[in-house]
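The values are calculated or read from the model by the stated rules, or taken from the named source; none is laboratory data. Everything numeric here is computed off the predicted structure, so don't read it as measured data. Ideal geometry is used to build each Cβ from the backbone, glycine not excepted, and the neighbour counts take in all protein chains shown. Ligands, DNA and RNA are excluded from the accessible area calculation, which covers all protein heavy atoms including side chains. Shrake-Rupley method; radii C 1.70, N 1.55, O 1.52, S 1.80 Å.
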Amino acid sequence: MSKSWCGVLVGVCTLAMSVVSSAPASAQMSEVKEKPPMYSYVGDWTLPRAQWADMEKFGAGNQKMLDKALADGTIVAYGSDLNLIHTADGPTHDSWWSAMSLAGLLNVLDQTYKSGTAVSPVLSSATKHWDSIYVSRYYNWHSGSWKDAYTHGASYRLKPDAPDNAVEKLSKGLIVPMMEKLLADGTLHEYEVDVEAIHTEAPGTFWIFYITSSAEGLDKVNAALQETLKANPLDGPAFGSMVDFTPHRDMLARTSATYK
């Protein structure tokens, strides 16, 4: 996945009401097409500060294995994150990789177990650890590698009575068109809209992640959101009727990432 975005996003949500409720369904669906599923494995750790430098070394040690999986097509991307906005119960670090199949994703996970990296001293020092597997059908990226980029992620929970295709409507009508413009002008390196493929949380949550190379890129995203608001009427109750904002959360991290 970057926001002074929560306050701005309230406005964007109002904008989405207009997009989803006033445009004909055929127009909403024609511009953006669903892509083949992309799966992402994310391992989160909460590490004592004294182990942070060791975690960076651990990530560098895994690179050879991940580069090989990238080269042979098993995965399409990999990376790691250092959380910048810490919470009492949240992670300090994560590592992740993405593939176009669950088999590719899990084959790399199996390699980490067989190599012994999953029980390395730095990971064993974690006070908390959990894993997630996501799937995205709305995503895009530039090929390349970036170090010390920024990842912003935002999570949203659909209301129980939201339509089954709520994430599809929001992605096609609002999220993807805006993200594609930012990708095209170089502000973003990657974006994706995720849901859980293996549910460890209650169904109905979706995530928006994007990667930008600099802090200035975060400002550009916010400026683009503001321009989007100015260019569109703010009417209709659709988005507000679909999303419960009470559990909404953001994350911001420094990222090293490679995309094929």
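So here's what we get for this one:
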| read-out | value |
| --- | --- |
| The lone exception for Ala257 - which of (1) at pLDDT 95 or above; (2) small (Gly, Ala, Ser); (3) open to solvent by 30 Å² or more (accessible area, probe 1.4 Å) it fails | (3) |
| Meets criteria (surrounded by 14 or more Cβ atoms within 10 Å (Cβ to Cβ), out of contact with any His (no Cβ under 6 Å at 6 or more places or on another chain) and assigned to a helix (DSSP H, G or I)) for Gly79 | no |
| Asp244 closer than 27 Å to His86 by Cα, touching a Lys or Arg at 6+ places or on another chain (Cβ under 6 Å), outside any loop (DSSP other than H, G, I, E, B) and not aliphatic (A, V, I, L, M) | yes |
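Conditions (1) under 24 Å from Asp89 (Cα atoms); (2) surrounded by fewer than 20 Cβ atoms within 10 Å (Cβ to Cβ); (3) over 18 Å from the mean Cα position of the chain (by Cα), marked per residue:
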site: Ser124; (1), (2), (3): yes, yes, yes
site: Thr127; (1), (2), (3): yes, yes, yes
site: Ile133; (1), (2), (3): yes, yes, no
site: Ser136; (1), (2), (3): no, no, no
site: Ser143; (1), (2), (3): no, yes, no
site: Lys159; (1), (2), (3): no, yes, yes
site: Val167; (1), (2), (3): no, no, no
site: Ser171; (1), (2), (3): no, no, no
